[in-house]
Structures are given as structure tokens and as C-alpha cells.
Amino acid sequence: MKDTDIATAREIMQEFARLTGLSPAGPPPRRYLWTDAFAVCNYLELFRLTKDEAFRDLALRLVDQVHHTLGRHRDDDPRRGWISGLDEREGERHPTAGGLRIGKRLPERRRGEPASERLEWDQDGQYYHYLTKWMHALNRASRAMGDPLYNRWALELAKTAHAKFTYNSPRGGGKKMYWKMSIDLTYPLVPFMGHHDPLDGLVTYCELHLAAKELGQPPQPWFRPEIEDMAGICRGMSLATDDPLGTGGLLFDASRIAQILVRGGAGFMADLGLDGHSLLLSVLGSVVDSALLGLEAFAESGSPRLPSDYRLAFRELGLSIGLSGVGGLPHMIHENPALFGGDSSLQVQVEALQSYVPIGEAIERFWLDSGNQAAGSWTEHREINMVMLATSLAPEGFLGI
């Protein structure tokens, strides 16, 4: 990592704090769960790299602000207080117990109100894949601070999200998932399943369980059926996508799986009565294969050669971030052959990922250009683009487990 990259990430994240009412605090703060999850990881990484305690304080202040903004009802909602329904005292102790709002600009669609595909993108509610990103951010805070509290909040969020977003299919075939739920998690807003939501859930649950053990927390026996549910939904699913953000997510999950396997060892999740090693190893090959298909599709699509007005920075930067995490995979597999099953085909596939790393570097250079940042495609999504560019420049805070 170059000093110039760290300096640029630092400037971006300081500007993000000013723009969104984080520091100096401004009423009302503009909080958006996806962006803020990446931002927490960025501040923690800048603290690690620079030893500047101001970044640690920004990370923890952002966690608190998200919980007190997105864990509570909107100002334009007649309902008040914590969306969990807990009283003020218990809500402070369990701020994630009711999930967290997305932070969209429009109120959610009410039960029975006709759906509008155009409006739904701007209407509030809860997204499962945003919740898993926040679980990950909380877990990173626990690791950085050595404080299990944030991990406990992440586990409480996982329990709530799983209970409300999964359901038994009335046509058989086991568990399914909703993509978007109401703010109070009582009805689905988009009843279809997110392409990678089950995979993201499975990997995140395993990450949380490993961290809880390493932080000295007691086993979570209730977590076994949740992990089994996600593994069952993932089984046989096609994961390939031509969306660069989705492919970046696959690369992120592949990196996390490898890290969990190495840190958790062969007996991972034995305290839950599960063979976590076999479970994750069976998923890893499919994730890597699908990521390769997505990378090939992106490279051949012509998108990297389009002008900035025809490109979406945050989707491309998601791919750049994912590619930042593939460099350590061959080494982890080579150094731990027993954990990775001695599968030479996996090693070959993982090494094939390395040839796509220059794509991530080219994406970074493109969006660092001030002329490209002047395009409407950048300014219309300025905050999410800023934060994900900073993550791409200093990715380890986000990519770690």
C-alpha cells in the first residue's frame, strides 16, 4: 500500500465525516447502512495504519450514530422509538435487536400499497445484504477494540435478520429468503431472493461465530440451525453474475472463507455439532469458479472502456475491493494443504484470479481522476462512491475477519 493511497483515503474519509454530519455532528445526520458499514471499516483501518486516535473515535461514533438513526423510526413516521419495540433503556442495550433501516430518502411502502418498481429503489425498509455488511463492520470493531460488545450486537442482528428474512417455501423445497422487508420486519416489500444473500449470510454467520470464540464468548447453540439453513439454501445455487459488484462480493466471500478455514482449523464449529471445515470447503470452489466467470464477463463486456457517464463507480469499486483480497489466497492454500483438501484444481482456479488483479488497479486509477469524478454518475452517488474508493485504496480493514 502506497503512502499516497493512505493519504487519499484519509482525505476522503475526513470529507465523508463532514458531508454526512458525523464530524462535526450535524442535525440530522445522513446515514445509509451500506455506505456506513464500509466507512466503519475504513476508519478502523486508518486508525491501524496511522495510529491517529481520531479515526478510531470516528468509527465508534459512526456505529453509535447508525444505531440511533437507523435503529429507530424515521422522523416522518408516526411511530417513535426503537424499531425493535424495546423501551429506551433496553433499546440502548440491544440497538440491533429489531434490525436496521436502509436509510432511503422516501418512507417505506405500506402494507397493501401497490408496488412501484421505480419508487421501491428509493423507499426505506430493510435489506438483508445491508444487514450482513453491518454485522461484518461490527465484528471488525470488536476485533479492533478487543471488545466483545460489538460482536454480541452483530450476533443479535444475525438472529433477528435470519428469523424475519427466511421462510419455509409453501411449494416445498426448504427455506427461502425475502430480499427486502418492512422497517418493522412484519411483511416483505420485495418477496424475491437476493442472488448472493444466502452465501453472504452463511459466511458472515461463520465469521461471527469464530470471532465470538476468539473473543472468549460462550458458544451460541441457537446458531446451528441458522447456519444449516443458509448452507441448505446455498446448496446447488448458481452464483455466477455479470454484475461487477456481485462478482466483487464473491471475491470478498472467497477471501473470508479462506481466512475462516485457516483461523478456525479442522475442528471449526465442533462446539455447535457441525463440521464447519467441510461445509465451507464445499462452498469455496463454487464461489471461486463463479467469480472467474464474472471477471471474464466484465473483461469482455467493454464496460471498462466506456466514459464515466456510462459507468457506476460503486459497482466497479466493489469489484476492485474484491480483487484486493485475492492476493493472499494462493499462499493460504499452499501453506495449509490439509485444510484445503489438497485440491490442485482449487489452487489452479485461485491462481487464475491473479491475472485479473490489474482490472482492479485500472478501476481505481479511473475513479481517482478528478475529471471522471465530475461526471453525473459519480456526483449522484457521491458518498457511496467516495467511501468505496477509500476502501479500495486501504482495503484490509474491510477484507479481514
Legend entry - First in the stretch 116-143 and touching a residue at least 40 places away in the same chain (Cβ under 8 Å), second anywhere and of a type in the set (S, T, N, Q) and assigned to a helix (DSSP H, G or I), Cβ under 7 Å, 6 or more apart: Thr132/Thr204; Met135/Thr204; His136/Thr204; Leu138/Asn151; Asn139/Asn151; Ser142/Asn151
Inset, instruction - Just need a number here: residues in the stretch 262-284 that are on the phi < 0 side of the Ramachandran plot and either surrounded by 15 or more Cβ atoms within 10 Å (Cβ to Cβ) or part of a loop (DSSP other than H, G, I, E, B) (or both). - result: 16
Inset, instruction - Check Ala211, Ala240, Ala231 and return the single one that is crowded, with 21+ Cβ neighbours inside 10 Å, of a type in the set (Gly, Ala, Ser) and over 19 Å from Tyr150 (Cα atoms). - result: Ala231
Inset, instruction - Name every residue in the stretch 79-100 that is within 18 Å of Asp36 (Cβ to Cβ) and of a type in the set (Ser, Thr, Tyr), in order of residue number. - result: Thr96
Inset, instruction - Say whether the condition of being buried (at least 17 other Cβ atoms within 10 Å of the Cβ) and in a loop (DSSP other than H, G, I, E, B) is met by at least one residue in the stretch 44-64. - result: no
Legend entry - helices (runs of 4 or more DSSP H) enclosed by the stretch 285-377 - at least 2 residues per element that are surrounded by 16 or more Cβ atoms within 10 Å (Cβ to Cβ) and among the hydroxyl-bearing types (Ser, Thr, Tyr): 313-324
Inset, instruction - Taking the options Glu300, Glu351, Glu316, name whichever one is under 30 Å from Ala374 (Cβ atoms), without any contact (Cβ under 8 Å) to a residue 60 or more places away in the chain and acidic (Asp, Glu). - result: Glu300
Inset, instruction - Working only within the stretch 218-236, note down all residues that are modelled with pLDDT under 90 and under 19 Å from Val287 (Cβ atoms). - result: Gly236
Inset, instruction - Scan the stretch 8-29 and give yes if some residue there is touching a residue at least 60 places away in the same chain (Cβ under 8 Å), in contact with an Asp or Glu (Cβ under 9 Å, 6 or more places away or on another chain) and over 26 Å from Gly325 (Cα atoms), otherwise no. - result: yes
Inset, instruction - Would you be able to say whether some residue in the stretch 196-218 is over 26 Å from Gly267 (Cβ atoms) and outside any helix (DSSP H, G or I)? - result: yes
Inset, instruction - List every residue pair whose Cβ atoms sit under 9 Å apart, with the two residues 6 or more apart in sequence or on different chains, where the first one lies in the stretch 375-401 and is of a type in the set (Lys, Arg) and the second, anywhere, is part of a helix (DSSP H, G or I). - result: Arg382/Leu19; Arg382/Gln373
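Residues checked against (1) touching a His at 6+ places or on another chain (Cβ under 9 Å); (2) under 26 Å from Leu339 (Cα atoms):
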{"residue": "Ala158", "(1), (2)": "no, no"}
{"residue": "His209", "(1), (2)": "no, yes"}
{"residue": "Ala212", "(1), (2)": "no, yes"}
{"residue": "Pro218", "(1), (2)": "no, yes"}
{"residue": "Ser238", "(1), (2)": "yes, yes"}
Legend entry - Condition check for Asp271: over 29 Å from Asn42 (Cβ atoms) and among the acidic types (Asp, Glu): yes
Legend entry - Selected residue (only one of Ala59, Ala54 is modelled with pLDDT of 95 or more and in contact with a Phe, Trp or Tyr (Cβ under 7 Å, 6 or more places away or on another chain)): Ala59
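The values are calculated or read from the model by the stated rules, or taken from the named source; none is laboratory data. All of these numbers come straight from a predicted model, not from anything done at the bench. Please note: Cβ atoms are built from the backbone with ideal geometry, for glycine as well, and neighbour counts cover all protein chains shown.
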